[in-house]
1. Where Lys and Arg each count +1 and Asp and Glu each count -1, what net charge lies around Val150 among other residues with Cβ under 14 Å from its Cβ?
2. Only bridges whose two residues both fall in the chain count here: according to DSSP, what percent of them are antiparallel, nearest 5?
3. Under 21 Å Cα-Cα from Lys50, which lysines qualify once same-chain neighbours fewer than 8 residues away are excluded?
4. Taking a cut-off of 23 Å between Cα atoms, list the lysines near Lys289, but don't count ones fewer than 8 places away on the same chain.
5. Would you kindly state how much longer the chain becomes between Arg298 and Lys284 on full extension, computed as 0.36 nm times their sequence separation minus their alpha carbon distance, in nm to one decimal?
6. So what is the 222 nm mean residue ellipticity for the chain from helices alone, if each DSSP H run of at least 4 adds -39500 (n - 2.57) and you divide by all residues, rounding to the nearest 500 deg cm²/dmol?
7. Give the angle, between 0 and 90 degrees and rounded to the nearest 10, that separates the Cα long axis of helix 209-222 from the longest principal axis of the Cα atoms of the chain.
8. For the range 131-317, give the share of DSSP beta bridges that are antiparallel, in percent and rounded to the nearest 5; count only bridges with both residues there.
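All of the numbers you see were taken from the coordinates with simple rules; none came from a lab. Please read these numbers as outputs of a predicted model, since none were measured by experiment. Heads up, the Cβs are rebuilt from the backbone with ideal geometry, glycines too, and the neighbour counts pull from every protein chain shown.
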Amino acid sequence: PNPVVAIAGATGAVGVEMIRCLEERNFPVKELKLLASARSAGKTMKFRGKDIVVEELTEASFKGVDIAFFSAGGGISRKFAQAVKEAGAVMIDNSSAYRMDPNVPLVIPEINPEAALHHNGIIANPNCSTIIAITPLWPIHKVNRVKRLVAATYQAASGAGAAAMEELEQATRAFLSGEPFEQKIIPHPYPFNVFSHNSNVDPETGYNEEELKMVKETKKIFGDDNIRVTATCVRVPVLRAHSEALDFECENPITPKEVRDILAKAPGVKIVDDVSANYFPMPKDASGKDDILVGRIRQDISDPSGRSIAMFVAGDQLLKGAALNAVQIGELLVR
Ligand code: A2P
């Protein structure tokens, strides 16, 4: 029988994309429950042509549910984990609450699908910047081990939720008409500006939380504690796709052609690398697309040993970075 599916955070930026992914990918659904805060209860959303009434998320919401997608923040995931477990459902959690828990698999289906099957009731969806960086890196890592990754991100507003996307649009309009605008979600002037990621900075290391997620999650997903990762995470005034400059060093010499040959056959990625037209991955092109776009593939000339590659990627934060990856995890469970 098809599973009963719930989405906690259905009205959010990721939740809306989860509904679309379930629909577009023909996910087998017996019944879909849409859950959000009391503010949204009673609102209707469409799924497969039918109106579904949004319900308030409560402990009783999970009775009869088989798969519960969560994207309403880490606090909500923690608060309802026990209720999901007691209902006998599996939680697929987009928040960071359980990602580094040793009892919780952290899954990118193109990389470690088998991990999803060894869950104890919770499967975590990785951080969006991590997914977008390492989905294209994994097929290279399998051929020629990646020893070190240096990443710089150019992150969109969507990672901070639907309200942040709306705020970017409103703040930009106000900026262009010379009107004052008080931002409530994003802590720095956002239009025509760039700022260090708005997560807490660890005073000891100087790294922000987003950067440390990339460092730790990569090791867990690759199952390789030896991979060395550093990142600088920055938000740019883009609505919904993250871009990243990736520089990595392999165990053995590697050429751009080898990287292209590997990525041409890799799932979930698409090469966009038109040197003559100066056309490379752009968040505008990645928005609304399942694949992570990869280009600017070149030898890193700062490493004379020929073991390093520089490239640039762009991926939809709401899709492969969140909703799509979560739904793909769900597919591993129902298959
Ligand atoms: P709501 O729309 O009713 O506020 P985003 O990541 O785009 O900010 O979305 C967050 C999602 O999490 C929304 O669906 C939001 O519902 C939901 N949410 C936020 N707080 C709560 C809460 N206390 N209980 C249930 N759902 C919540």
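1. Numbers: positive: Lys147, Arg148, Arg228, Arg307; negative: Glu211, Glu244, Asp247, Glu249, Asp300, Asp303.
The answer is -2.
2. Working: 30 of 58 bridges.
The antiparallel proportion sits near 50 percent.
3. Lys30, Lys33
4. Lys46, Lys265, Lys270, Lys320
5. On the way: separation 14, 0.36 × 14 = 5.04 nm, distance 2.24 nm.
Taking Arg298 through Lys284 to full extension adds about 2.8 nm, to one decimal.
6. Working: 10 runs with 95 residues, N = 335.
So the helix-based figure for the chain works out to -8000 deg cm²/dmol.
7. That helix lies at roughly 80 degrees to the long axis.
8. Working: 26 of 35 bridges.
Given both bridge residues lie in the range 131-317, the antiparallel proportion sits at roughly 75 percent.
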